[in-house]
Structure formats: structure tokens, C-alpha cells
Amino acid sequence: MVGLVHDELFLTHGEVWHPENAERLEATMARLTEAGWLDRLERLEFGPASLEQLLWLHDEQYIESLKQASEHGGEQFTLDTMATAETWDAAVLAAGGCIAAVHAGLAGGPARSICLVRPPGHHATPDRAMGFCFLNNAALGAEAAIQGGAERVAIVDFDVHHGNGTQDMFYHRRDVLYVSLHESGLFPGTGSLDECGVEEGAGFTINIPLLPQAGDGHYRTAFSEVVVPALEEFEPELIVVSAGYDAHHSDRIAGMNCSACIFHEMTAQLVSAAQRHGQGRVVVMLEGGYDLHWLPVGAENSIRALAGEPPLDVVDAAPVPHESHLERLNEALVHVLNTHKERLGLGPLHLA
Ligand SMILES: [Zn+2]
């Protein structure tokens with residue numbers, strides 16, 4: 001059975017007018033309920049992350065300031081990242097849920113889970129809230145596996161934005177491989193090809209920036225040529241997925257051309273990689289995705305992949321870029337993938 005982490009408390013954080021609002025989760029849960037998934041998923045038990053767990057990766061002063069921000073009724077951390085009175089409780093519970101799903105995967109509970117949580121986490125750095133994120137759920141989940149005895153954990157981040165916070169936390173480490181596919185030029189501006197880790201961690205950060213209007217084929221090629229081979233070499237005992245659904249062509253926060261079936265395909269590829277090396281352990285954690293119709297479809301497609309079922313059969317025609325842009329997009333992709341293939345000791349890619 002696939003595990004589910006969800007709690008109504010995740011709906012309390014934030015403001016209705018903000019793009020990262022409770023409706024995202026309400027719409028997702030409504031879709032899953034209607035499709036009968038709630039009877040077929042195992043609800044995991046979880047509580048808030050402990051202070052000790054938060055301090056694995058976050059700075060004590062920052063944690064204190066976040067707690068106080070909620071106690072004082074709210075605080076604006078950046079232009080687009082506001083804590084409300086409910087943020088602390090929701091964020092600490094979201095982090096605790098993600099940690100619990102990882103613990104379950106390692107300790108004989110469901111090997112595969114989805115955490116439908118908010119606020120999201122991958123932009124949260126050790127000491128800063130930004131990009132709608134406060135606590136780094138995916139990073140804390142990966143660290144929970146390491147603290148629990150795993151030697152190698154991979155985080156694959158297919159949210160359309162670069163997970164700068166997650167990268168920061170593991171940039172100098174070789175026990176957590178961070179792989180991100182994202183739209184270049186978008187917030188937060190990090191995630192270039194040259195950011196590949198430092199010291200012991202050199203080579204254990206893999207950034208795959210893609211030009212706007214990249215679609216399913218580009219993501220598919222990036223997975224088959226670099227993401228999956230990198231996982232094969234790293235042999236993670238568990239894969240954490242920073243699952244944002246904002247690369248969908250209908251998502252107005254970004255400019256990608258993906259259809260909803262790519263989220264099934266990417267999740268399924270990660271499940272097979274985990275079955276070869278990590279006893280099938282995959283924990284999917286919700287990051288972004290702002291289209292209230294397509295976020296739920298994408299999330300259901302991830303669940304279907306976790307459960308070994310085919311993708312939803314929906315009409316979802318992604319736009320095709322202008323020929324001249326497509327050429328530029330393909331060339332940029334080949335350059336990025338070949339640079340990684342060379343670093344991984346693999347032969348170059350030749351696109352037809
Ligand atoms: Zn995003």
C-alpha cells in the first residue's frame with residue numbers, strides 16, 4: 001500500500017489571495033477522494049517535527065524567529081513569503097509528516113508514500129524563509145534517513161523552480177545526492193550547470209537547467225540520459241522527490257510545456273530506480289504547482305506511479321514551441337546533458 005501524509009492543519013497556513021494557498025491542497029484532496037484513493041492509501045501517523053530534528057539542518061536563531069513570527073500573529077519574511085499565525089504549527093507538522101514517511105519507509109511501513117503538505121520547503125535555507133517556503137521538508141526527510149542509518153539518500157527535485165535551500169544544505173556532502181530539473185532564469189536564479197557541489201560534495205549536486213517551453217520529451221531525455229544513470233551509480237537507499245507540478249503548461253507561475261503524464265513517467269522512473277537499489281523506497285513530497293485543475297491531476301499521476309498503475313487518460317495537449325526556439329532548446333539541453341554525462345564518465349548524447 002502507498003502511504004499518505006496529510007492533515008487539515010496544512011490548510012490553515014497562509015492567505016487566500018496568495019498563489020500558495022489552501023485551495024491547492026483542498027482541490028488535490030477532493031480529486032483523490034472522488035477517485036477513491038483515500039480508501040486505497042495508508043494514512044501514516046505523524047506529529048510535529050521536534051526541535052532537535054529541525055536543528056539537523058536549520059539554524060536555531062531562524063527557528064526561534066519563525067516560531068515568534070507566528071506567536072506575534074504573522075510576519076513578512078520576503079516580498080512573497082509571509083508567515084501567518086498558523087504557519088509555525090503547519091510548517092512543523094509538514095516537516096514532521098515528511099520525516100515520518102521516511103521513517104516508515106525505512107522501518108517496515110509503506111516503502112512508497114506521498115506527503116501532501118504545505119507550506120512547501122525546497123527554497124527554505126538553513127537560516128531563511130523564501131519562495132513560499134519556511135522549513136525544508138525534503139531536506140529534513142533525507143536527513144532523517146541518514147540519521148536513521150542510511151548511507152546514501154537521493155533527492156530528485158522536478159519542481160519547475162530550483163531548490164536552492166536543499167542544494168545549500170547538502171552542497172558540501174556526498175551522502176545526499178541532489179538532482180534538480182528546473183526552468184533557467186526563473187526564481188530563485190540559482191541552479192546553473194556549474195553548481196555541482198564543493199569539497200567532499202563535489203559531483204553530488206546535479207543541476208539540469210532547461211530553457212522555457214521545455215516539454216515532456218526534454219524531461220524524458222534528461223531522465224534517461226542523466227537522472228537515472230546518476231541514480232544507478234549512486235545507489236541510494238531511499239529517494240526523496242521534491243514534487244512540484246508547476247512545469248505543467250497550464251501553470252501560470254512558469255513557462256514550461258509539460259503535460260500531466262510526465263509526472264507519472266518521472267515518478268515511475270524513480271520507483272524503478274529505487275527498486276533496483278533502495279528496496280523500492282520513494283517518498284514524494286509536494287512542493288509547488290499552482291493550477292487548481294492540473295496540480296491534482298499531476299499529484300494523482302504520481303500516486304498512480306507509486307501504486308504501479310498507468311497514468312490518467314486525460315486530454316492534455318501541450319503547446320509546441322516555435323521551430324527556432326525548439327532548436328535552441330534542444331541544443332542547450334544536449335550541452336547540459338553532455339556536460340553531466342562527461343562528469344559521470346558516460347559517452348555523449350546524440351539527438352537525432
Ligand atoms: Zn515551484
**Asked** Simple spin-label model, 7 Å along Cα-to-Cβ: Q275 to E26 in nm?
**Response** 3.8 nm
**Prompt:** With springs only between Cα atoms under 10 Å, which of L270, L79, L93 fluctuates most in a Gaussian network model of the chain?
**Reply:** L79
**Message:** Which log10 I(q)/I(0) values does the chain give at q = 0.08, 0.10, 0.11, 0.12 Å⁻¹ under the Debye formula, counting every alpha carbon as one identical point scatterer?
**Reply:** -0.33, -0.53, -0.65, -0.78
**Asked** If contacts are Cα pairs under 8 angstrom and at least 6 residues apart, what is the relative contact order of segment 35-115 in percent?
**Response** 33 percent
**Message:** Testing the spin-label approximation: label points 7 Å from Cα along Cα→Cβ at E235 and L312. State their distance in nm.
**Reply:** 3.9 nm
**Request:** Give the angle, between 0 and 90 degrees and rounded to the nearest 10, that separates the Cα long axis of helix 323-343 from the longest principal axis of the Cα atoms of the chain.
**Result:** 80 degrees
**Asked** What dipole magnitude, in Debye to the nearest 20, does segment 215-270 give about its Cα centre under +1 on Lys/Arg Cβ and -1 on Asp/Glu Cβ?
**Response** 320 debye
**Item:** Unit charges on C-beta of K, R, D, E only; dipole of segment 270-352, Debye
**Value:** 500 debye
**Request:** Taking amide H positions as placed in the peptide plane 1.01 Å from N, state which residues far from R112 in sequence (5 or more) or on other chains have amide H under 5 Å from it.
**Result:** G3, V282
**Request:** Would you be so kind as to identify which of Q76, N338, P126 lies farthest towards the positive end of the dipole of the chain, taking Lys and Arg as +1 and Asp and Glu as -1 on Cβ and the Cα centre as origin?
**Result:** N338
**Item:** Positive-pole candidate from Y290, Q279, A318, dipole of segment 277-344, charges at beta carbon
**Value:** Q279
**Complete:** Out of G36, G47, A91 - ranked by how far each Cα lies towards the positive end of the dipole of segment 15-117, with unit charges on the beta-carbon of charged residues - the top one is G36
**Asked** Taking 0.36 nm per residue of separation and subtracting the Cα-Cα distance, what length does fully extending R174 through S50 add?
**Response** 42.1 nm
**Request:** Can you grab the distance from the C-alpha centre of segment 10-34 to the C-alpha centre of segment 73-151, Å, no decimals?
**Result:** 17 Å
**Asked** Working out 0.36 nm times the residue gap between R252 and D127, then minus their Cα-Cα distance, what length gain in nm do you get to one decimal?
**Response** 42.1 nm
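Mind checking the dipole of the chain: about its Cα centre, +1 per Lys or Arg Cβ, -1 per Asp or Glu Cβ, Debye to the nearest 20?
Once rounded to the nearest 20, the dipole reads 660 debye.
Do the sum for the chain: with -39,500 (n - 2.57) for every DSSP H run of n ≥ 4, divided by all residues, what is the mean residue ellipticity at 222 nm, to the nearest 500 deg cm²/dmol?
The helix-only estimate for the chain comes to -11500 deg cm²/dmol at 222 nm.
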**Asked** Taking the Cα atoms only, what angle lies between the long axis of helix 294-306 and the longest principal axis of the chain, rounded to 10 degrees?
**Response** 80 degrees
**Fill in**
The helix 137-147 Cα axis meets the longest alpha-carbon principal axis of the chain at an angle in degrees, between 0 and 90 and rounded to 10, of 90 degrees
**Request:** Can you figure out the FRET efficiency of M1 with E327, using R₀ = 35 Å and their beta-carbon distance, to the nearest 0.05?
**Result:** 0.15
**Request:** Can you tell me the FRET efficiency between T78 and H18 if r is taken as the Cβ-Cβ distance and R0 is 22 Å, rounded to the nearest 0.05?
**Result:** 0.95
**Complete:** Non-local residues with an amide H under 5 Å from the amide H of M82, with H modelled 1.01 Å from N and Pro and chain starts lacking one, are F77
**Rg and Dmax of segment 12-80, Cα atoms only, in Å** = 16.4, 44
**Request:** Please work out the FRET efficiency for the pair V320 and H293, using the Cβ-Cβ distance as r and a Förster radius of 22 Å; give the result to the nearest 0.05.
**Result:** 0.55
**Asked** Over what distance in Å are the Cα centres of segment 274-328 and segment 194-247 separated?
**Response** 15 Å
**Message:** What does the extension gain come out to for D194 and S65, with contour length at 0.36 nm per residue minus their alpha carbon separation?
**Reply:** 43.1 nm
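Only the coordinates and a few stated rules stand behind these numbers; no lab work does. Worth saying up front: this structure is predicted, and the values here are computed from it rather than measured. A quick note on method: Cβ atoms are made from the backbone with ideal geometry, for glycine too, and the neighbour counts reach across all protein chains shown.
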